[in-house]
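See below for the structure under consideration.
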């Protein structure tokens, strides 16, 4: 009889929902792993936090994202939107496709995982961001998603920026100093390997 009443009563929230409720109740406060485990009630709380960060776009910061946090500390920077999360519905397969398409490189600043972010002094972690935000009608599809580091992702809300054109990109490299140009060259060489310059028709005729 008691079991029947238990079945007919209110269903206990799952671990992910309990984590969501706890995080929202503690927006702006530093949280420890012990707090999260107690709130979730399961040992796999870290995976639930990862899902909220990577699949649903929650701005849960760690020491990799903010120099103010110590290893093991978490901070929900802002309350998630009431009308659904920004990245809800992005599958693991689509996420992998976007990162591969973008060469595991932040499409705004060019940093890659393992690089040190000058803004935080921490190693870069990549997230997925919408080119056209969902609040403006953007969809969860390869053409509308891009890889962004934590810093750029936090400042890229509702921005519909386009990738730079070849002409614009080359103009910026020409304007840069010799040291910056050499850094760009070395990065391209690491990415594509040693490239033999293609001679123009005029150069070929001279030789």
Computed from the beta carbon distance with a Förster radius of 45 Å, FRET efficiency for residue 166 and residue 67 to the nearest 0.05 stands at 0.80
Nearest-0.05 FRET efficiency for residue 44 and residue 100 at R0 = 22 Å, using Cβ-Cβ distance, is 0.20
Taking 90, 131 and counting other beta carbon atoms within 10 angstrom, the fewest-first order is 131, 90
Per the C-alpha gyration tensor (a ≥ b ≥ c, the square roots of its eigenvalues), the range 16-63 is rounded if a/c is under 1.5, else prolate if a/b beats b/c, else oblate; here it's rounded
Zone reached by a paramagnetic label modelled 7 Å from residue 92 Cα along Cα→Cβ, restricted to the range 15-52 with backbone N below 12 Å, covers 51
Taking r as the C-beta separation of residue 180 and residue 79 and R0 as 35 Å, the FRET efficiency to the nearest 0.05 is 0.35
Packing-ranked peptide list from 104-115, 179-190, highest mean Cβ count within 10 angstrom first, is 104-115, 179-190
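Read the figures in this text as sums done on the coordinates, not as results from a lab. Quick caveat, the model's predicted, so the values are computed rather than measured. Quick reminder, even Gly has a Cβ in these numbers, built from the backbone with ideal geometry, and neighbours come from all protein chains shown.
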